[in-house]
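These notes are about the structure you will find just below.
The values are calculated or read from the model by the stated rules, or taken from the named source; none is laboratory data. No experiment lies behind these values; they were computed from the predicted model shown. Because the Cβ atoms are built from the backbone with ideal geometry, glycine has one as well, and the counts that use them run over all protein chains shown.
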2 protein chains.
Amino acid sequence: MSNQAAPDCCPPLTERRVPAEAAAVLAPAFKALGDPVRLQLMSMIASAESGEICVCDLTPAFDLTGPTISHHLRTLREAGLVDAERRGTWVYYRARPAVLGQLAALLTVAPAPHEDGTSLLRPTQSVDRRQCP
Amino acid sequence: MSNQAAPDCCPPLTERRVPAEAAAVLAPAFKALGDPVRLQLMSMIASAESGEICVCDLTPAFDLTGPTISHHLRTLREAGLVDAERRGTWVYYRARPAVLGQLAALLTVAPAPHEDGTSLLRPTQSVDRRQCP
DNA sequence: CGGCTGTCTTGACGTCCGTCGAATCAGACA
DNA sequence: TGTCTGATTCGACGGACGTCAAGACAGCCG
């Protein structure tokens, strides 16, 4: 339905101020990723071996009903983050790397040499970082 | 209040599936950027010449009341994306480049050589791309 | 001290979002 | 053709979100 979150272009958010029109187009993409379920769905789709993944593989991974997963997938679709294709009985979802890349570019901070090192990982100390040994 | 969106760590979303706990911590950061006003605020703060910017410079840039801007700034603060510091009469906000960098890394797609080129910019053709001449 | 300016908090209101159950649509298969 | 399975849409409900007006708090200055 011609939504297609279309960011203005490339300049990192830290370089120059994002104009209102660009923000209006970019924000929905971030909003789509602003839900834990959708973030996981996006990751499962984007990291699929064959480049695509069946809905029937996505649904059982959550404690949610089919319609709810379908709703989240639609949100990702309307945000322009994924593509869907029906093939026979099943529907396959595929990521749009170029779009992810654009969002990444927007958030990318140049070299960041004199950082304060205060990453999200260790804000103070109470955060569990059971990843990254 | 000890919120501090703390992503698990580094592996791009396209590499391996984001675990539920990590998604629960990362999603709020994206959600915070999922509003046009906050995205602009984030950009204005992150692109500030001196590294920080006064609330008195942020508020007049929008057609919104002071409390509303303050509310959005609080959201960004609680998401761990910015820091606030009161200095005399004014309050200054400063970005957290390391956090932005982590979010960027999560969205970064490796090299992406065989792309279909379908970036958000030109999904089909109906999108206005009055940026990027 | 008293007033002033700037910012944040509180309370309220309307809207949007996440979730579900039931119904509907799309293919496959007998 | 009929039926079964998989996925989406529809309708509804509770909760969260964006916004504002009014009030409270912090620091300056006369």
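Taking the conditions exactly as written (in a loop (DSSP other than H, G, I, E, B), buried (at least 20 other Cβ atoms within 10 Å of the Cβ), modelled with pLDDT of 95 or more and touching a Gly at 6+ places or on another chain (Cβ under 7 Å)), does B:Gly34 satisfy them or not?
Spelling it out, B:Gly34 is indeed in a loop (DSSP other than H, G, I, E, B), buried (at least 20 other Cβ atoms within 10 Å of the Cβ), modelled with pLDDT of 95 or more and touching a Gly at 6+ places or on another chain (Cβ under 7 Å).
If I ask for residues that are at the interface with chain B (Cβ under 7 Å from one of its Cβ atoms) and away from DNA strand D (no atom under 12 Å from the Cβ), which ones from region A:11-31 would you list?
Scanning region A:11-31 gives A:Leu13, A:Thr14, A:Glu15, A:Arg16, A:Arg17, A:Val18, A:Ala22, A:Leu26.
Testing A:Arg77 on (1) within 28 Å of B:Ser47 (Cα to Cα); (2) assigned to a helix (DSSP H, G or I), one condition comes back false. Which one is that?
(1)
Is it the case, given these coordinates, that A:Arg94 is out of contact with any helix residue (DSSP H, G or I) (no Cβ under 6 Å at 6 or more places or on another chain) and free of Cβ contacts under 8 Å to residues at least 24 places away in the same chain?
So A:Arg94 fails the test.
Quick grid of which residues meet (1) under 20 Å from A:Ala23 (Cα atoms); (2) of a type in the set (Ser, Thr, Tyr); (3) near DNA strand C (Cβ under 7 Å from one of its atoms):
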position	(1), (2), (3)
B:Cys56	no, no, yes
B:Pro60	yes, no, no
B:Leu73	yes, no, yes
B:Ala79	yes, no, no
B:Thr89	no, yes, yes
B:Leu100	yes, no, no
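What are the pairs, 6+ residues apart or on separate chains, where a residue within region B:32-44 that is on the phi < 0 side of the Ramachandran plot and facing chain A (nearest Cβ under 7 Å) has its Cβ under 6 Å from a residue that is surrounded by fewer than 21 Cβ atoms within 10 Å (Cβ to Cβ) and in a helix (DSSP H, G or I)?
Every condition considered, the pairs that remain are B:Pro36/A:Ala24.
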